[in-house]
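Worksheet: one structure, shown below.
Each value in this text was obtained by applying a stated rule to the coordinates, not by laboratory testing. Bear in mind that the values here come from a model prediction, so they are computed numbers and not experimental data. Neighbour counts run over all protein chains shown; Cβ positions are idealised from the backbone, glycine included.
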Amino acid sequence: MKPSGIRAVAIGSAIAVALGGFGIFSYFMLRSPSQSSVASPSSTPDEVADAVSALGRLEPEGGVMKIAAPSSGFGSARVERLLVKEGSIVKPKQPIAVMDNFDSLYATALQAEAQVREARSRLSQVQSGAKTGDV
């Protein structure tokens, strides 16, 4: 045989082996699963497994949220104390940390509430008929 004829036979044989391998692979992958390879549920709906183990990653339904201290005109704030641990379940409106400027901001809020009470008192006096100079 000529070298080109040997090459043609080798290429033809390689193609035949590849097609045969692909056919066997397809047969086993695409055939209908037999009864022995399909696991049937052995528990009734009333039974609950004690534990489940799996590999993977779980993320909250709404995604992971990044949080930061509120930026305001009250200067920089740092976390003084954390009230939750990493990975804890947090409910809406639940405090998660105490900032180092909490005391000064709390005092400012109390002062503002007192000013509002005083202004409401003066407003009710004016509405009841008192003159502005009497208030």
For the subset of the range 105-132 comprising residues that are in a helix (DSSP H, G or I) and of a type in the set (Lys, Arg), which member is surrounded by the most Cβ atoms within 10 Å (Cβ to Cβ)? Arg122
Go through the range 84-100 and give me each residue that's surrounded by 10 or more Cβ atoms within 10 Å (Cβ to Cβ) and assigned to a loop (DSSP other than H, G, I, E, B). Val84, Ser88, Val90, Gln94, Ile96, Asp100
